[in-house]
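**Student:** After the structure tokens below, expect a handful of questions from me.
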Amino acid sequence: MKQTKLIPPFVMLAATAAVAVVTYLRDFPFGNWLILVFGVMLLFLFIGEVLRQIIEYFVGANERKELAEKEAREAELSAQEGNTKEEENPISDLPPDQ
């Protein structure tokens, strides 16, 4: 979906920025800092992708539910229209009243 394609990068960038700042302020050695930041990037990219897929699943389920409800309402309306047409022109085996 177009609306959710940016979720993984934003999750990754937010988490990576937080970890990078905290580890930098705590004076991590540069080699360990790079490894940790890269690992966090990969981890939170994966978490963001899982989150995106979960959101798309539920949005799709809601759309399918709304479509089914709409079709049910349309079927009900068409059935009611069919009943009113039958009521307007009743066909009877009885002779007309005189």
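**Student:** Residue-wise, which Karplus ³J(HN,Hα) couplings in Hz belong to the range 41-56, taking 6.51 cos²θ - 1.76 cosθ + 1.60, θ = phi - 60°, and x for glycine or proline?
**Tutor:** Once θ is set to phi - 60°, the couplings for the range 41-56 become 4, 5, 4, 7, 5, 5, 4, x, 5, 4, 4, 4, 5, 5, 4, 4 Hz.
**Student:** Quick one: what are the phi-derived ³J(HN,Hα) couplings along the range 32-40, Karplus 6.51/-1.76/1.60 with θ = phi - 60°, whole Hz, x for glycine and proline?
**Tutor:** Whole-Hz 3J(HN,Hα) from phi for the range 32-40: 5, 4, 4, 4, 5, 5, 5, x, 5.
**Student:** How large is the charge dipole for the range 7-84, taken about the Cα centre, if only the Cβ atoms of Lys, Arg (+1) and Asp, Glu (-1) carry charge, to the nearest 20 debye?
**Tutor:** On the way: 6 positive and 10 negative charges, 103 e Å.
Computed charge dipole of the range 7-84: roughly 500 debye.
**Student:** Hey, another quick one. Using the Cα centre of the range 1-78 as origin and beta-carbon charges of +1 (Lys, Arg) and -1 (Asp, Glu), tell me which of 11, 31, 77 is placed farthest towards the positive end of the dipole.
**Tutor:** Looking along the dipole axis, the top candidate is 31.
Each reported figure results from applying straightforward, stated rules to the coordinates on display, with no laboratory input. Worth saying up front: this structure is predicted, and the values here are computed from it rather than measured. Counting neighbours? That spans all protein chains shown, and the Cβs are built from the backbone with ideal geometry, glycine included.
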